[in-house]
Amino acid sequence: MIVDVENLVYRYPPPSARGERAEAVPKPALNGVTFSIAEPRLTALLGPNGSGKSTLFRILATLLSPQAGRASIGGLDLACQPMEARRALGVVFQESSLDRRLTVRENLSFAGQLYGMQGAHLAQRIQQTATQLDLQQRLDHLVSTLSGGWRRRAEIARCLLHQPQFLLLDEPTAGLDPLARADLWRHLRRLQDAEGVAVLVSTHFLDEAALCDWLLILHEGRIAIEGAPAALCHELGGEVVEIVSHRANELGALLAPRAGFHVAVVDDVVRVECPNGPALISSLSMSHADWIREMRVHRPTLADVYFHATGVLFRP
Amino acid sequence: MNAFWVPTSAVFQRDLLRFWRERSRVAGFALTPVVFWVLVGSGYSNFERFLPGALVLTVMFSAIFSAMSLIEDRKEGFLLSMLASPAPRITIAVGKIASGSLIAVAQAMLFLLLATVGGTLYPDASLAVLFAVCLLIAAAFTAAGLVIAWLVASSQGFHAVINLIFMPLWMLSGAIFTLTEAQPWLRYLMLANPVTYAQEAMARGLGLPVSASHPVGAITTWVVLTVTAIATLVASVRVLARRSERNLT
């Protein structure tokens, strides 16, 4: 087992500063997170801001201790053997953790030395990781002169130096333009294929989540559902029809009892998961035309998977 | 042993490299002693009275402010990568104390070099003693600076705490008025102040006459300085080893 996480609970201490709205007991950031990664594949952790992604990452990065539950990386328990676990782990944080006044090579060299690497071995690893991420031409540039995409790649190179079994990336595409985002994903995929390293990427972009081999959806501090993205969409089956109506509640109540239907009303939209979308649309346009302002039908997407599993619309 | 020395020397080298890359820091480092000698040295006759205090101040503040690199590292996110690495926290502390001390001591030595070249250094001055004194002060105050940098939230907070704690320590060290000139209650405060001993040791190292008005013995001076340095080193290592949520944001 590369990563094994069992029933993690983490609750941030209540805000003590006066003026802040102090709830008696703050909601836990993580409330029983359980999952495992057995094979080296590309796994996405999808969740909107505030779903607990960063807290989970900090626990996996051994920077926070959970109040309950346990986690291990490469069989090493994070609570008992944090130092050994860190060697099996590479972390790319959401905030840049490169020294901007140093060159890429100096940054890599520093990082390698933190892992006890030195001399010819370190120089060789710097070359290798730089090649993997197409950074050779930028090795002697100051980080402050690099664009966001290059910096991200330099960070990933930094985390690969010590050849971890498990690479953890916290929203690595945050703040990147679409071109750099696509480029970064291409590199992640290539790395995962070539190195056989298990990668866990957190994201709040559905299109990025769809690129992964496995998807974990984090909602209110728990894993709401997991599976291969395509399979999850497929499992929902049929179609999703969205009906905009000024009598959404009544329409919802009308459709709910039908066999094979899964109906939810959000504001003025009735969302129906049903076996045959076009048939529903044509029958409704005959029977309830005056209730309906707009109707749409589509095959299930990850947004629908998210809604189905959590009961709320995905809002990054 | 490599697990300790390799990361420690990495932290040490990086801090020096950052220092060297920042022109304003290098300029401040090199020009402060020059300005001091040109202005004060040539324009004031009762100079030797303030010389030890000026040296102590130079070393003290150079050392303390080098610890601010910890706050910058935190702000820039760099600290996270160090905290998530298998390098023990003590290597961060030791590496930073070594680099901060080196810069502070080098500045003091530059100060003394200018004095030697200018012919202002006293015949009884001992460079070895001065070096040792500067090193102890530098190590103690870099370590103290690290403790404060670890605990405060911002560089503004750091400055506030430094002004609150370290300016009075320097002012009550005999740099401005001597022990015998102070009221008895203040004299006790001064005797409890480690910087007083730094000031004494510096005066002795400079070969200034240590009159009967200086009731602190040479051995006491060394013991206090050494104990202070060790205590702050231990404190900094222990404080940095604590998990602190502030350092995660």
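Quick notes on this structure:
- Mean ellipticity per residue at 222 nm, deg cm²/dmol - from DSSP H runs of n ≥ 4 across chain B, formula -39500 (n - 2.57): -23500 deg cm²/dmol
- Ellipsoid equivalent to the protein assembly as shown - semi-axes via the Cα gyration tensor, in Å: 62, 25, 20
- Heavy-atom accessible area per residue - the range A:133-264, 1.4 Å, Å²: 42
- Electrostatic dipole magnitude of the protein assembly as shown [Cβ: Lys, Arg +1; Asp, Glu -1; Cα centre; debye, to 20]: 1180
- Proximal charge balance of residue A:9 [Cβ under 15 Å; K/R count +1, D/E count -1]: +3
- Residue B:171-residue A:141 FRET efficiency (beta carbon distance; Förster radius 60 Å; 0.05 resolution): 0.80
- C-alpha long axis of helix A:119-132 to longest principal axis of chain A, angle in °: 30
- Point-charge dipole on Cβ atoms (K/R +1, D/E -1) for chain A, about Cα centre, debye to 20: 780
- Annotation for residue B:159 and residue B:191: the two label points, set 7 Å from Cα along the Cα-Cβ direction, are 3.8 nm apart.
- Fluctuation leader among A:46, A:179, A:236 - chain A, Gaussian network, Cα springs under 10 angstrom: A:179
- With the simple spin-label model, which puts each label point 7 Å out from Cα in the Cβ direction, the residue A:193 to residue B:22 separation comes to 4.4 nm.
- Positive contributions from Lys and Arg (+1) and negative ones from Asp and Glu (-1), summed over other residues with Cβ under 15 Å from the Cβ of residue A:154, come out at +1.
- Note on residue A:289/residue A:234: beta-carbon distance plugged into 1/(1 + (r/R0)^6) with R0 of 25 Å gives a FRET efficiency of 0.15.
- For chain B, with all protein chains in place and a probe radius of 1.4 Å, 70% of the accessible heavy-atom surface sits on carbon or sulfur.
- Nearest 10 degrees, 0 to 90: helix A:148-160 Cα axis against chain A principal axis: 60
- 18 Å reach of a label modelled at residue A:210, 7 Å along Cα-to-Cβ, counting backbone N of the range A:216-239: A:216-217, A:227-239
- Carbon plus sulfur fraction of accessible area for chain A, probe 1.4 Å, in percent: 52
- Of the beta bridges in chain A, as assigned by DSSP with both residues counted there, near 65 percent are antiparallel.
- A straight Cα-to-Cα reach below 29 Å connects residue A:27 with the lysines A:53, B:75, residues fewer than 8 places away in its own chain not being considered.
- Positive-end extreme of charge dipole, the range A:169-316 - chosen from A:237, A:223, A:281 (charges on Cβ): A:281
- Under the Debye formula (equal points on every Cα, no solvent term), log10 I(q)/I(0) of the range B:1-64 at q = 0.17, 0.27 Å⁻¹: -0.74, -1.13
- Chain B - charge dipole about Cα centre, Lys and Arg +1 at Cβ, Asp and Glu -1, debye rounded to 20: 640
- Against chain B, whose longest principal axis comes from its Cα atoms, helix B:218-241 is set at around 20 degrees.
- Inter-chain Cβ neighbour average for residues A:106-114, partner chain, 10 Å: 6
- Peptide-level mean, for A:85-97, of C-beta atoms on other protein chains within 10 Å: 4
- Partner shielding of B:71-78 amounts to 4, given as the average count of beta-carbon atoms from other chains within 10 Å of each residue beta-carbon.
- Excluding ligands, DNA and RNA and using a 1.4 Å probe, chains A and B jointly bury around 2800 Å² of accessible surface, summed across both partners.
- Net charge contributed by nearby residues that have their C-beta within less than 13 Å of residue B:181 (K/R +1, D/E -1): +2
The values are calculated or read from the model by the stated rules, or taken from the named source; none is laboratory data. None of these values were measured; they are calculated from a predicted model. Please note: Cβ atoms are built from the backbone with ideal geometry, for glycine as well, and neighbour counts cover all protein chains shown. Areas reflect the complete protein model, heavy atoms only, side chains present, ligands, DNA and RNA absent. Shrake-Rupley method; radii C 1.70, N 1.55, O 1.52, S 1.80 Å.
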